[in-house]
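So the structure is just underneath, and the comments pick up after that.
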Amino acid sequence: MEQDKIRTRAWVLHPDIKSNSKRRPAEPALNEGVALAEALPDLDVIGSNVVRLPKAQSGTLFGSGKINELKAVFKAEDIDLVLVDGPVSPVQQRNLEKAWDVKLLDRTGLILEIFSDRARTREGVLQVEMAALSYQRTRLVRAWTHLERQRGGLGFVGGPGETQIESDRRAIDDQLVRLRRQLDKVVMTRALHREARAKVHYPIVALVGYTNAGKSTLFNRLTGADVMVKDMLFATLDPTMRRVELEDGPEIILSDTVGFISNLPTELVASFRATLEEVLAADLIIHVRDISHDETHNQAADVKTILTALGVDENRPQIEVWNKLDQLSEEEAEARSQRAENEDGVHAISALSGVGLPGLLRDIGEILQGVRLRETLNLGFSQGKQRAWLFREDIVESEEQTEDGFEITVLWTERQKSKFNAL
């Protein structure tokens, strides 16, 4: 009989540093840190707490009194791993691990660990590996077990059968070069796919939003797909794309992307640029918000900051979706819906129940197609290329053959008309 896998007993700390200009509300931040920890399947979160500090200590982050106090707690609770919801320098990490006799991960390390556990495609694996190497390049205090594996954890947390591999910056740089070459091939393939889609003129609609905002639930509802949906952070990592035919609208390619998070590690933003290029190439961006979350406004601001960092044009058409009406009381849901109706480009919905989706779909169609005009064209027999293009665009309402060619009635947008005239 197979033995149960030993689970790692973890404790989450959120340092609430008074002097930090990017300080977040402590309790919601701690809750998010716990949710991140719970997103790893092999962790048991035994406890958590906020540690209030006037300023961070350069060598140990926390003061000596707090270190001794926490050491007693960790020993009593038999803690194996401490997760610090914030940045921890290599020196601080080594000193705290020595003082507490535990392994320690900061926020970036934890997110990388989650991403590694979730990556399924070759592209996702490569991107996580590159991000982890960039993160660890200046640390060199970990076993590089993840260099020997295809996927499934980076080895930060630890486990049976680990092999200690002495690694230096040159070895890491060599590995980064190798991974970057492999990723370049993936990027090239993705670019070819984009070019192929561009030839058939399918508009791309990208779903973006804070992690666990309900993007995958909305994606599944609109496409009939079966993308994994769980009430956890980063349930979706690898991008998924499906074709959707809008009623009285164009066919579109809908893209479900990785969720964003506050203080998203810069290593991840850089490494996942290949995936997030789908957002840059999108004709329309749908920003999905969890409107029931206490921090919904701060989450929305974080998403907008990351979109700006990626280089998304401010003039790119966007729709803001206030999701999870089903999580609100009837009165709150009604108030949110009425407020959304009074704001341009905002829709209040429940991806779970389907409330508000017809209006959202109509808006998507109108933005992508614009106002459609009905016109009658007279094409000569020699204009076979133009006639074929009209049928390929699926905008022909009727056609009659005449002595000189064809009389064709079309329903099209100004954009399609311009493309036709350019043929």
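Each reported figure results from applying straightforward, stated rules to the coordinates on display, with no laboratory input. Treat the numbers as computed from the prediction; the structure is a model and nothing was measured. In this analysis, Cβ positions are derived from the backbone assuming ideal geometry, glycine residues included, and neighbour counts consider all displayed protein chains.
Rounded to the nearest 0.05, the FRET efficiency derived from the C-beta distance between Thr305 and Glu403 at R0 = 45 Å is 0.10. Neighbours of Asp344, meaning other residues whose beta-carbon lies under 13 angstrom from its beta-carbon, give a summed charge of -4 when Lys and Arg score +1 and Asp and Glu score -1. A simple packing score, the average count of other Cβ atoms within 10 Å per residue, orders the peptides 10-16, 73-79 as 10-16, 73-79, with the highest score first. By the beta-carbon count within 10 Å of each Cβ, the least crowded to most crowded order of Ser58, Ser350, fewest first, is Ser58, Ser350.
Rank-order 329-337, 293-301 by packing density, defined as the average count of other C-beta atoms within 10 Å over each peptide's residues, highest first. Walk me through the numbers on the way to the answer.
Details: 329-337: 13.7, 293-301: 16.7.
Descending mean neighbour count gives 293-301, 329-337.
Order of Met188, Met241 from fewest to most other C-beta atoms within 10 Å? Could you put the intermediate results ahead of the total?
Numbers: Met188 11, Met241 19.
Lowest to highest Cβ neighbour count: Met188, Met241.
What is the distance in Å between the Cα centroid of region 327-388 and that of region 1-59? Here the two parts' Cα centres lie 42 Å apart.
Assign one of three labels to region 373-421, namely rounded, prolate or oblate, based on the Cα gyration tensor with a ≥ b ≥ c the square roots of its eigenvalues; rounded applies when a/c is under 1.5, prolate when it is not and a/b is larger than b/c, and oblate otherwise.
prolate
Subtracting the Cα-Cα distance of Glu375 and Glu341 from their residue separation scaled by 0.36 nm leaves 8.9 nm.
Counting every other Cβ atom within 10 Å of each residue's Cβ, Asp290, Asp394 order from fewest to most as Asp394, Asp290. Annotation: peptides 339-348, 398-407, ranked by per-residue average of other Cβ atoms within 10 Å with the highest first, follow the order 339-348, 398-407.
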